[in-house]
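The structure appears below as structure tokens.
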Amino acid sequence: MSTPVKMSLEANKSYHFCTCGKSASTVLCDGSHKGSVFTPKEFSVTESKEYYLCACKKSANAPFCDGSHAK
Ligand code: FES
């Protein structure tokens, strides 16, 4: 079970959520998907604050945690 990663995000900045599960940080793309069928999911937030990002890859609201890791 991978618990969510708490991360401080800035409003209107572009982030890339890892969808392949190979990134060393587990939540943001670090380029490790190269050569696979996966591509990162681009996202941004409207408010600068701390967010819980999904690390288990089961969230229906990715990149944000929806509690699926605990089910
Ligand atoms: S490293 Fe996982 S999508 Fe890029």
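What is the sum of charges around residue 54, taking Lys and Arg as +1, Asp and Glu as -1, for the other residues whose C-beta is under 13 Å from the C-beta of residue 54?
Details: positive: 6, 41, 57, 58, 71; negative: 66.
After counting each charged neighbour, the total is +4.
Between beta-carbons, use under 14 Å as the cut-off and find the net charge around residue 66, counting Lys and Arg +1, Asp and Glu -1.
Values: positive: 57, 58, 71; negative: none.
With Lys, Arg at +1 and Asp, Glu at -1, the net is +3.
Considering amide H positions built from the backbone, and no H for Pro or chain starts, which residues 5 or more places from residue 45, or on another chain, come under 5 Å of its amide H?
Placed amide hydrogens put 12, 13 under 5 Å from residue 45.
Give me, ordered by chain and number, the residues 5 or more places off residue 51 or on other chains with an amide H under 5 Å from its own placed amide H.
Those lying under 5 Å, H to H, from residue 51 are 7, 8, 9.
When Lys and Arg each count +1 and Asp and Glu each count -1, what net charge do the other residues less than 15 Å away from residue 19, Cβ to Cβ, add up to?
Numbers: positive: 22, 34, 41, 57, 58; negative: 30, 42.
With Lys, Arg at +1 and Asp, Glu at -1, the net is +3.
A short reminder: the numbers here are calculations on the coordinates, not readings from a lab. Quick caveat: nothing in here was measured; it's all calculated off a predicted structure. Don't worry about glycine lacking a Cβ; one is built from the backbone with ideal geometry, like all the others, and counts go over all protein chains shown.
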